[in-house]
Amino acid sequence: MTIDSVGPEGRAPADVATLNTLRVSPAGHLATAMAAATVEGERSVALKEIPFTVQLGVRAEPGSASAQALEAVFGVDLPTRHGQVAGDASALHLIWLAPDEFLAVDVSRQQGAGEADEAAAALAGLPGQVIDLSANRTILELSGASARKVLEKGCHADLHPRAFAVGAAIVTQLGPVPIILHRTGESEFRLYPRSSFADYQVRWLLDAMEEFASDEVR
């Protein structure tokens, strides 16, 4: 992507590729441990980080002029109910957090400068807010046949498909850590811990995954 805005002292900000040589993801130091913990076969489970993903905090009342302005920019309608995610989970989508609060996420690319500018400009003179929260949370992807069993060791929500269907997203806790949890597939979940909790959350998940690496049923 091309960054056209100008940074401090008149310098043009670096593009995404350059930024990635400078920044370190919240769970990057555990990438090797996550890869080593992968379990294959019938009890499969794998964990990875999706780093530097675009995440925008959005405030607007659905159905309002503000919502219409944002929907024109995003090309996606705002979700209207608890648990709903609007858009494409493999690209741009919006997660319902509260009646007038949403998280816009684009996992198809990495965050660069000025991500919130266009949407924020569309709200000129209208109530609402769009801010770049990309550094606030990281995304961990847990997948495999045993993924739900791993989460059920410490998640505070009912994760059975009848209560938490594919495509749904909720705010909950995993162990002591508050997270956004998005079920993106039958056996695939994305977790959004705050960046400051990423190290703890990954280590918690690695510990919870360990039993599935053994052929012994416990």
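Looking only at the range 59-75, filter to residues that are over 12 Å from Gly128 (Cβ atoms) and touching a residue at least 24 places away in the same chain (Cβ under 8 Å); which one of those is farthest from the chain's Cα centre (by Cα)?
Restricting attention to the range 59-75, the residues satisfying the condition of being over 12 Å from Gly128 (Cβ atoms) are 63, 72, 74-75.
Now restrict to residues that are touching a residue at least 24 places away in the same chain (Cβ under 8 Å): 72, 74.
Details: Ala72: 22, Phe74: 17 Å.
So the residue we want is Ala72.
Being open to solvent by 40 Å² or more (accessible area, probe 1.4 Å), at pLDDT 95 or above and under 30 Å from Met209 (Cα atoms) is the requirement here; does Gln55 meet it?
Working: open to solvent by 40 Å² or more (accessible area, probe 1.4 Å): no; at pLDDT 95 or above: yes; under 30 Å from Met209 (Cα atoms): yes.
So Gln55 does not fit the description; no.
Within the range 37-44, can one find any residue that is of a type in the set (A, V, I, L, M, F, W, C) and either modelled with pLDDT of 95 or more or in a strand (DSSP E or B) (or both)?
The initial filter retains those residues of the range 37-44 that are of a type in the set (A, V, I, L, M, F, W, C), namely 37, 39.
Now drop any that are not either modelled with pLDDT of 95 or more or in a strand (DSSP E or B) (or both), which leaves 37, 39.
Checked against the condition, which is being of a type in the set (A, V, I, L, M, F, W, C) and either modelled with pLDDT of 95 or more or in a strand (DSSP E or B) (or both), the range 37-44 yields at least one hit.
Among the strands (runs of 3 or more DSSP E) confined wholly to the range 130-218, which include 3 or more residues that are open to solvent by 10 Å² or more (accessible area, probe 1.4 Å)?
On the way: elements: 139-143, 169-174, 177-185, 188-193.
Where strands (runs of 3 or more DSSP E) fall fully within the range 130-218 and carry at least 3 residues being open to solvent by 10 Å² or more (accessible area, probe 1.4 Å), they are 169-174, 177-185.
Taking the range 27-73 only, how many residues are acidic (Asp, Glu) and under 22 Å from Phe197 (Cβ atoms)? It would help to see each step written out before you state the result.
As a first pass, look at the range 27-73 and keep what is acidic (Asp, Glu): 40, 42, 49, 61, 71.
If we keep only those that are under 22 Å from Phe197 (Cβ atoms) as well, we get 49.
So the answer is 1.
Quick check on my filter: what residues within the range 89-129 are polar (S, T, N, Q) and either buried (at least 18 other Cβ atoms within 10 Å of the Cβ) or within 14 Å of Val58 (Cβ to Cβ) (or both)? Spell out how you get there, then give the answer.
Residues of the range 89-129 polar (S, T, N, Q): 90, 108, 110-111, 129.
Listed by number, the residues that qualify are Gln110, Gln111, Gln129.
Identify all residues within the range 113-148 that are under 24 Å from Thr184 (Cα atoms), of a type in the set (D, E, K, R) and in contact (Cβ under 8 Å) with a residue 60 or more places away in the chain; write none if there are none.
Here is the first cut: in the range 113-148, the residues under 24 Å from Thr184 (Cα atoms) are 115, 132-148.
Pick out the ones that are also of a type in the set (D, E, K, R) and you get 115, 132, 137, 141, 148.
Within the range 113-148, Glu115, Asp132, Arg137, Glu141 meet the criteria.
Please work out if Ala17 is at pLDDT below 95, open to solvent by 30 Å² or more (accessible area, probe 1.4 Å) and part of a helix (DSSP H, G or I).
It is true that Ala17 is at pLDDT below 95, open to solvent by 30 Å² or more (accessible area, probe 1.4 Å) and part of a helix (DSSP H, G or I).
Give me the pairs: first residue in the range 168-179 and within 14 Å of Ala98 (Cα to Cα) and touching a residue at least 40 places away in the same chain (Cβ under 8 Å), second residue open to solvent by 60 Å² or more (accessible area, probe 1.4 Å) and assigned to a strand (DSSP E or B), beta-carbon distance under 8 Å, and six or more apart or on different chains, which are they?
Sorted first by the residue in the range 168-179, then by its partner, the pairs are Val171/Pro178.
If Ala37 satisfies all but one of (1) open to solvent by less than 30 Å² (accessible area, probe 1.4 Å); (2) in contact with a strand residue (DSSP E or B) (Cβ under 8 Å, 6 or more places away or on another chain); (3) closer than 29 Å to Ala113 by Cβ, what's the number of the condition it fails?
That leaves (3) as the condition not met.
The values are calculated or read from the model by the stated rules, or taken from the named source; none is laboratory data. Not measured: the values here are computed from a predicted model. Glycine also receives a Cβ, built like all others from the backbone with ideal geometry; neighbour counts cover every protein chain displayed. Remember, those area values only see protein heavy atoms, side chains included, never the ligands or the DNA or RNA. Shrake-Rupley method; radii C 1.70, N 1.55, O 1.52, S 1.80 Å.
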